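Okay, structure first, notes after.
The values are calculated or read from the model by the stated rules, or taken from the named source; none is laboratory data. Please read these numbers as outputs of a predicted model, since none were measured by experiment. When we count neighbours, we look across all protein chains shown, and the Cβ atoms used for this are built from the backbone with ideal geometry, even at glycine.
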There are 2 protein chains.
Amino acid sequence: MSERIGFYQDLVVSAEEAAKFVNHGDRVGISGFTGAGYPKALPTAIAEKAKAAHAAGEEFQIDVFSGASTAPDCDGVLAEADAIRFRSPYNSDPVLRGKFNDGSALYQDIHLSHSGQQVEEGFYGDFQVAIIEAVRILDNGNIVPSSAVGNNLEYIEAAERIIIEVNEWQSEHLEGMHDIYKIEKLPNRQPIPITNPGDRVGTTYIEIPQEKVVAVVKTDAPDRNAPFKAPDEVSEKIAANFINFLEGEVAAGRLAYDQFIMQSGVGNVPNAVMAGLLDSKFENIQAYTEVIQDGMIDLIDAGKMTMASATSFALSPEYADRMNEKAEKYKEHIILRPQQISNHPEVIRRVGLIASNGMIEADIYGNINSTNVGGTRIMNGTGGSGDFTRNAYISTFVSPSVAKDGAISAIVPFASHIDHTEHDTMVIITEYGVADLRGLAPKERVEKVISVAHPDYRPLLEEYYERAKQNKFQHTPHDLKTAFDFQINFAEKGDMRG
Amino acid sequence: MSERIGFYQDLVVSAEEAAKFVNHGDRVGISGFTGAGYPKALPTAIAEKAKAAHAAGEEFQIDVFSGASTAPDCDGVLAEADAIRFRSPYNSDPVLRGKFNDGSALYQDIHLSHSGQQVEEGFYGDFQVAIIEAVRILDNGNIVPSSAVGNNLEYIEAAERIIIEVNEWQSEHLEGMHDIYKIEKLPNRQPIPITNPGDRVGTTYIEIPQEKVVAVVKTDAPDRNAPFKAPDEVSEKIAANFINFLEGEVAAGRLAYDQFIMQSGVGNVPNAVMAGLLDSKFENIQAYTEVIQDGMIDLIDAGKMTMASATSFALSPEYADRMNEKAEKYKEHIILRPQQISNHPEVIRRVGLIASNGMIEADIYGNINSTNVGGTRIMNGTGGSGDFTRNAYISTFVSPSVAKDGAISAIVPFASHIDHTEHDTMVIITEYGVADLRGLAPKERVEKVISVAHPDYRPLLEEYYERAKQNKFQHTPHDLKTAFDFQINFAEKGDMRG
């Protein structure tokens, strides 16, 4: 273990000791993205400190900035201790989400490619602390990051004090998998020299300004690594529809079997798509995406995926173990980058990828709600879906047609919160088919969108559209008086059908 | 005149003759952007052909794709003749807008940086005709484009038949002002080698596949060139607020007086901003934008603006004459690029510009409606506002707080169409001040947004927000039952106040 620490040996302290460097009102930037690479010890120690302060009638809350989502032993414990005043740019922790929804914590949900730059440019003010998980500390004081890169560079640069957690659970063989390219400051940057997902343009370590390091904490704890469910019938149908769509692009001459560059949101439907790709004609699949998922590991093992570029892992425990055992092998096929690079419009647009993201609801014209049930109840956040949707060659949204046993329809008259506009959405895929909206005016899209709704909801959607067409104006007909009836029904009666 | 035609001398015909190459059902790509550089003769000839066909009981409609908006003698005459079935990516012609709104023509309103690529990738199908205005034809058959570049490259490549209009009204001295860089096809492009607005990376002419040229038509007609109104009191206040905001950025160390790179929407408010900049401390102003406006010419003349990169002009008649007289001089300070380049996320993000666009309405959380009054009545379109808003260093929206003598508020509870999301909007500016939303959670934004609303509307907005906060969920509180009351009031009673 001490081998992993080297340079800062004298700064090794307990998490409780290190938490002394975190004060009420601090802005704290942490490592971590999609349950990987987040600090494992400090959050609990900070939460204890907060609880003690609160018990003594003192204030203690911090603003927490991450790569993306973390885990119960990070956002969860901090939320339970009411230690978070403000959180950005992404969260999926249920306890913390509860605080946003009951109004006791604030959340700024922004594009993951934007957050680092906004920190750098001072839009949030000064940062006091950075807490960064590492695989190991190099002899010169620099670090090898762990299973996520996220916004580490920006927080290390912005913070006055740096705390490093060295996690022995993370494989030392992750060293060499990262490609740390520091994007230049504005204005008038040079181009990012990546034209292929597999291009390496940076270092395998992160530079650390030694004078800022105030503590090093040893840990030995796993990433969150939630298991994925085996694909169910609905996920398999969606996956089959997605792959049929790709086949159609090949038939139309817009894609070749060895040319598919994938971006994929996280979850069971994307994993079903990847399982489907195993048996498809697609070869030399590449990913330029945020997150490495189980399905990509299977594709790599099968020789179907040659390269996956991301900023973190989101693996099940079984696959995380496999990664730690065989990191040496996987790093031939996997690159972990800073999230300003994994999600950068410049590179996304340039490589020409096909994006696939989940959604909460799509409306009849293709506006997408990715974040707020009923317009008000935050789920996770927009994450990188906007970075990819807006810049992909083709942007798709995939979702089961209904949720909660049919009480919620994924297709609604008017999306109650809009994260992706009708100008951006190209394709919507459910278990009922593919709505290809490319090149269509709003009214031409309606029939296609309704065709992929659940059959229970199609007549209701058609009824709405008939009513909407009574409007004097016919570009995107709406009946604003009943536009949110689906969502109001759900809020009042627990079922969008009323 | 014949000097301007050279190579295709034998193909010179009347507009009526040339219109024979345009058939019912054709997809037609035309030059033209913001009333500049559009074909002046063919549209009328096609409209006549359509009218004759309709009189004979025959069908005649075409799909028209442009750079952006054109003029009464282009979109206007075609619309009057019911000759347009489908239009993309942008329109501001009132007659054609009427057709979209009464349901007799279709409109796909998409980001101007996306349209060319989508044509190229075949999302619309095959193109039959390109009609392109030129300043002159070179000896080898290539052309010098006129006062807009737009999507000329994409339409010339996609079309089976090319018709060139050579417009003698356009100054021959525009030659050398253009920088024609052909972006590579997907996937895995090289970086666009522009890091400063003034970088020239292409040719001064457009290559023409000679075998496709079927006709050349001579014209001598001005661009649309609508006059701008002199700034009124409200515009001047907005401009002063915008410049105060810039001053604040300088004070915060995020901007230097010689470092301002501007993007600006078109109109009277932007021109007032530019007039304000004339008397400001800002020097060495640059523009990386879509359109060169009067105010930029004044800034260039005053030595305050060193470089303006765009894809077209939108000048008043007086300024258009000045441009034609002194193009030789202005081309030291002006570059006209293809719109895939002027609006490209890669370059926009890299240069680090401050974007400023108009809006129809903003809601209390910062979602912006740029396109549809009351969610259904299309005005112009999203244009390049999304390209710039999403990728700017700082994104601002500027608008008078009310329209129609106070009957319409620019600040509403819930935007009835969303073109820019709460994740993107950073700053909203009216004559009442600056709402700086950067780094804030949705609920923290509300007070700031309401503070720039017209005083008549502030109590109504506060009432709504109080009601919204009764919602069980507190991330972006809404009362969906009354969320559109402002817009419904306007539709039913002609006043948002009810």
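Quick notes on this structure:
- Count - residues of the stretch A:416-434 that are within 14 Å of B:Gly375 (Cα to Cα) and either more than 14 Å from every other protein chain (Cβ to nearest Cβ) or in contact (Cβ under 8 Å) with a residue 60 or more places away in the chain (or both): 1
- When residues of the stretch A:449-464 are limited to those that are under 16 Å from A:Val434 (Cβ atoms) and in contact (Cβ under 8 Å) with a residue 40 or more places away in the chain, the one surrounded by the most Cβ atoms within 10 Å (Cβ to Cβ): A:Ala453
- When the stretch A:44-73 is limited to residues that are out of contact with any Ser or Thr (no Cβ under 8 Å at 6 or more places or on another chain) and polar (S, T, N, Q), the one that is surrounded by the most Cβ atoms within 10 Å (Cβ to Cβ) turns out to be A:Thr70.
- On the stretch given as the stretch B:163-208, residues that are part of a loop (DSSP other than H, G, I, E, B) and more than 14 Å from every other protein chain (Cβ to nearest Cβ) total 15.
- Close Cβ contacts (under 8 Å, 6 or more residues apart or on different chains) running from residues in the stretch A:103-115 that are hydroxyl-bearing (Ser, Thr, Tyr) to residues that are part of a strand (DSSP E or B) comprise A:Tyr107/A:Phe86; A:Tyr107/A:Arg87; A:Tyr107/A:Ser88; A:Tyr107/A:Ile378; A:Ser115/A:Phe65; A:Ser115/A:Ser88.
- Of the criteria (1) surrounded by 23 or more Cβ atoms within 10 Å (Cβ to Cβ); (2) away from chain B (no Cβ under 14 Å); (3) among the acidic types (Asp, Glu), which one A:Asp405 fails: (1)
- Tallying residues that are over 22 Å from A:Pro477 (Cα atoms) and polar (S, T, N, Q) within the stretch B:405-447 yields 2.
- For B:Ile411, the criteria (1) crowded, with 24+ Cβ neighbours inside 10 Å; (2) within 22 Å of B:Val351 (Cα to Cα) hold in every case but one, which is (2).
- Output for the stretch A:248-279, where each listed residue is buried (at least 20 other Cβ atoms within 10 Å of the Cβ), of a type in the set (Gly, Ala, Ser) and part of a loop (DSSP other than H, G, I, E, B): A:Gly265
- Of the residues making up the stretch A:30-49, none is within 14 Å of chain B (Cβ to nearest Cβ), under 26 Å from B:Glu422 (Cα atoms) and touching a Leu at 6+ places or on another chain (Cβ under 9 Å).
- Considering residues of the stretch B:85-123 that are among the β-branched types (Val, Ile, Thr) and more than 7 Å from chain A (Cβ to nearest Cβ) only, the residue nearest to A:Gly366 (Cα to Cα): B:Val119
- Residue within the stretch A:117-125 that is farther than 20 Å from A:Asn380 by Cβ and touching a helix residue (DSSP H, G or I) at 6+ places or on another chain (Cβ under 6 Å) present: yes
- Test result for A:Arg161, buried (at least 20 other Cβ atoms within 10 Å of the Cβ), assigned by the TED database to the domain that holds A:Phe7 and touching a residue at least 60 places away in the same chain (Cβ under 8 Å): no
- Members of the stretch A:226-243 found to be part of a loop (DSSP other than H, G, I, E, B) and either in contact with a Lys or Arg (Cβ under 6 Å, 6 or more places away or on another chain) or buried (at least 19 other Cβ atoms within 10 Å of the Cβ) (or both), listed by number: A:Phe228, A:Pro231
- For A:Tyr393, the conditions (1) under 21 Å from A:Ser115 (Cα atoms); (2) facing chain B (nearest Cβ under 10 Å); (3) in contact with a Gly (Cβ under 9 Å, 6 or more places away or on another chain) are fulfilled apart from (1).
- Count of the stretch A:122-135 residues which are in contact (Cβ under 8 Å) with a residue 24 or more places away in the chain and surrounded by fewer than 22 Cβ atoms within 10 Å (Cβ to Cβ): 4
- Some residue of the stretch A:183-201 being farther than 26 Å from B:Glu346 by Cβ and basic (Lys, Arg): no
- Filter pass, B:Tyr464 being at negative phi and touching a strand residue (DSSP E or B) at 6+ places or on another chain (Cβ under 7 Å): no
- Residues that are under 30 Å from B:Phe388 (Cα atoms), of a type in the set (Phe, Trp, Tyr) and more than 8 Å from chain A (Cβ to nearest Cβ) do not occur anywhere in the stretch B:474-485.
- Scope the stretch A:204-225; condition exposed (fewer than 15 other Cβ atoms within 10 Å of the Cβ) and touching a residue at least 24 places away in the same chain (Cβ under 8 Å); matching residues: A:Pro209, A:Gln210, A:Asp220
- Residue in the stretch B:143-153 that is in contact (Cβ under 8 Å) with a residue 12 or more places away in the chain, part of a helix (DSSP H, G or I) and assigned by the TED database to the domain that holds B:Asn23 present: yes
Results for (1) under 29 Å from A:Ala55 (Cβ atoms); (2) in contact with a strand residue (DSSP E or B) (Cβ under 8 Å, 6 or more places away or on another chain), shown as yes or no for each residue.
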site: A:Pro72; (1), (2): yes, no
site: A:Asp82; (1), (2): yes, no
site: A:Phe86; (1), (2): yes, yes
site: A:Asn91; (1), (2): yes, yes
site: A:Leu96; (1), (2): yes, yes
site: A:Phe100; (1), (2): yes, yes
site: A:Leu106; (1), (2): yes, yes
site: A:His111; (1), (2): no, no
site: A:Glu120; (1), (2): no, no
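- Qualifying positions in the stretch A:140-162 - polar (S, T, N, Q) and within 14 Å of chain B (Cβ to nearest Cβ): none
- For the residues B:Lys443, B:Lys448, B:Lys404, the requirement of being within 28 Å of B:Met274 (Cβ to Cβ) and touching a strand residue (DSSP E or B) at 6+ places or on another chain (Cβ under 8 Å) singles out B:Lys448.
- Scanning the stretch A:438-479 for residues that are among the small types (Gly, Ala, Ser) and closer than 13 Å to A:Pro413 by Cα yields A:Ala453, A:Ala468.
- Taking the numbered list (1) touching a residue at least 60 places away in the same chain (Cβ under 8 Å); (2) out of contact with any strand residue (DSSP E or B) (no Cβ under 7 Å at 6 or more places or on another chain); (3) closer than 24 Å to B:Thr195 by Cβ in turn, B:Gly303 passes all entries but (1).
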